[in-house]
Each structure stands twice: as structure tokens, then as C-alpha cells.
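The values are calculated or read from the model by the stated rules, or taken from the named source; none is laboratory data. All values reported here derive from a predicted model rather than from experimental measurement. Ideal geometry is used to build each Cβ from the backbone, glycine not excepted, and the neighbour counts take in all protein chains shown. The area values use the complete protein model at the heavy-atom level, side chains included, leaving out ligands, DNA and RNA. Shrake-Rupley method; radii C 1.70, N 1.55, O 1.52, S 1.80 Å.
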Amino acid sequence: MRGLPLALLVLLVPVLGALATPDVEELAAIRDGSRDRVIGLTDDLLSRFLMGRKRPYAVAIFFTAASVVESNPNLHLEDLRAEFGLAARAVAQGPDADKLFFFEAALETSQRPFAMLQVNALPAVVRISPDTAVTQATVEIPKSDKMLPETVGTRDYPWPAETFLDFLAARHGVAAAPVDRPSIYKSPLFPVFVLGGVLAVAYLAYQVYARGLLRHTLPWAVVSLAVFWFSTSGGMYNIIRGVPFFTRDRNGNLQFFLTSRRGQLGAEGFMLGSLYILVALSLALVTYVAPRIASRVGREALSYLGAGLAFFSLYQTFILWTAKTGYKHVFYF
């Protein structure tokens, strides 16, 4: 009889161990139901699938905050999140799908992962190995398991999905499928669009040649204005730097202008470029068009209209300059 409790204890140990082990199948089902195989991390999921002395899988957590995305677009957190999703999809489609799970920790959803893993700055991606004990208020993660600008570098930032896979999966023996990037070139309609574009360009070129449009000044004037507008709008700077055209605020609304010195959006440059064009066209209206009108009343009306349009455009330019820099402009007349 004395050996009965001991035998029951021996039988219960594996049962209790199984109960304490996170349910991989349930976590895989949550992952497969997500949009890009990245699971939104909540306090409940943190307690159920991450807490414990060990787990049968590794975890990669992408940290983000809507306030940082809005106030600092130069970090390209949205682009980084998209590449993180491509890496998660590649792992989910590979032979070791259940050995590494991808999570996203948003500051607005839960602040607990930030405090637990001591994440104080973005961008940050943390890998928790299967043997790492997550049982305390704070967890010490080796720097070699943190994707930070100082550990990965910024040469190819924002890091592509291949960099995520190399850092989080490949060097830990987790195999992944090739990264499948969405592209228009993979569409079955792409050859149709290419053929249509070639035919349209050929037709336009023929019409330009047949009608002698290149001998007129109007097409060259339009092209010159387009080049001037693109140059003064900082279009080439936006392309080289990868500046986003717009962003979203905390409520998800589109935002085309960032006040103060919080960064620059592509739409801001195009706004100023359009105002420059408006000033140039209004001056051209006063200089070249108005003098050709025979009626004195019409000539004066067009001159006043051009001058007013130029003043309005310059005033709006100063308004945008004040909103961006905080400096106030003063008129001395």
C-alpha cells in the first residue's frame, strides 16, 4: 500500500507535463487563421503560449507602436512589418513550420511584452528560444537574439524578409520555403498589359510624328513645366530615400502633411511644387498673356487675377513653411 501513492505520482508526472506544455496544434491553427501568418500578441496569448520554463518551439516577436509609425515615418516600420510577414509566411510554408512562430506586439494592444523583454526603442525584433524561461516580470534575452540596428546593421534597412529568415530561422536550423513576394509580374494578365502598353505607345508615337506636334512649342512647354514641377517637388529625393507618400494617424485616417519637424512625406513636396508652378503660371499670365488682350478692361482684369493668384500661392507657401518649422513670417508692407 505504501508504494501506491508513489506509483500514482510516477503516472501523473507525464500527464501534468503534457498539460503544462503549450498546445502546438492550437497555436498553429491561430497562425493559419491570421492574415500573413503573424499572430497578434495579447496578454492572454502571452500567458498561454509564451510563459513557462520551456516550450517546444521558438518565438519571434515584432514590436511596433502606432504613435511611432505616425511620428517617425523614416523608420519605415510599415515596410519592415510587411517584410516580417513575408518571412513568417515562408516559415509557415516550410517543413519546420511548427518550430518557429511569429508574433506582433503592438503597444496599443499590450504593454506587457515591452516591459517583460525590456524593449525601449524601435525597430526591435526579439527571438525567444525554446529553452528560455519566461516566468518572471523581466526576461534577459541575449543581444544575439535581438534584431536591432546595432546587431543587424542598417545597410539594407528596412531589412528584407531574407534577413529576417537568416537571423531568426536559418542560423538556428529552422528550414523555410522561398520568400514569395507579391508582384505584378506573376499575374497572368501581365503579358496582356505589356502588349497593350506597347501598342498604345506605338500609336501615340505615330500620331505625334504624323501630325508634326514636335514642331509646336506647346508640347515642349508642357514637358518643361512637368520637369520643373517634378524637380521642385523633390520627386527624385523621394525615390532615392524611399519617402512614403502618406501615412496614417492613430485613428487610421490618411495623413499627407506632418506638422513640425517630425519627418517629411512625399505629398508635402508635391504640395509645394504645385504652389511653385502656380506662381510661375500666374507670372507668365501677367507677362505674356495679358499684354496680348486688346480690351483694356480685360487686360487689367487678367493682370489683377494673375497678381492675386501669385500672392495667394506665395502666402500658402509661407503657411506651410510656418507649419513645418514653427517660425512665423512677418510682412513689412
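Y185 falls short on exactly one of the conditions (1) within 22 Å of the chain's Cα centre (by Cα); (2) at pLDDT 90 or above, and that condition is (2). Taking segment 46-151 as the region of interest, the helices (runs of 4 or more DSSP H) fully inside it that hold 3 or more residues being in contact with a Lys or Arg (Cβ under 9 Å, 6 or more places away or on another chain) and not polar (S, T, N, Q) are 66-71, 77-92.
Under the condition of being open to solvent by less than 100 Å² (accessible area, probe 1.4 Å) and out of contact with any helix residue (DSSP H, G or I) (no Cβ under 6 Å at 6 or more places or on another chain), the residues counted in segment 202-215 number 6.
When segment 121-157 is limited to residues that are open to solvent by less than 20 Å² (accessible area, probe 1.4 Å) and in contact (Cβ under 8 Å) with a residue 60 or more places away in the chain, the one that is nearest to the chain's Cα centre (by Cα) turns out to be P123. Identify the residue in segment 272-308 that is surrounded by 17 or more Cβ atoms within 10 Å (Cβ to Cβ) and within 32 Å of the chain's Cα centre (by Cα) and, among all such residues, is nearest to R248 (Cα to Cα). Here the answer is L272. Among all residues of segment 50-73, there is at least one that is open to solvent by 50 Å² or more (accessible area, probe 1.4 Å) and at pLDDT 90 or above.
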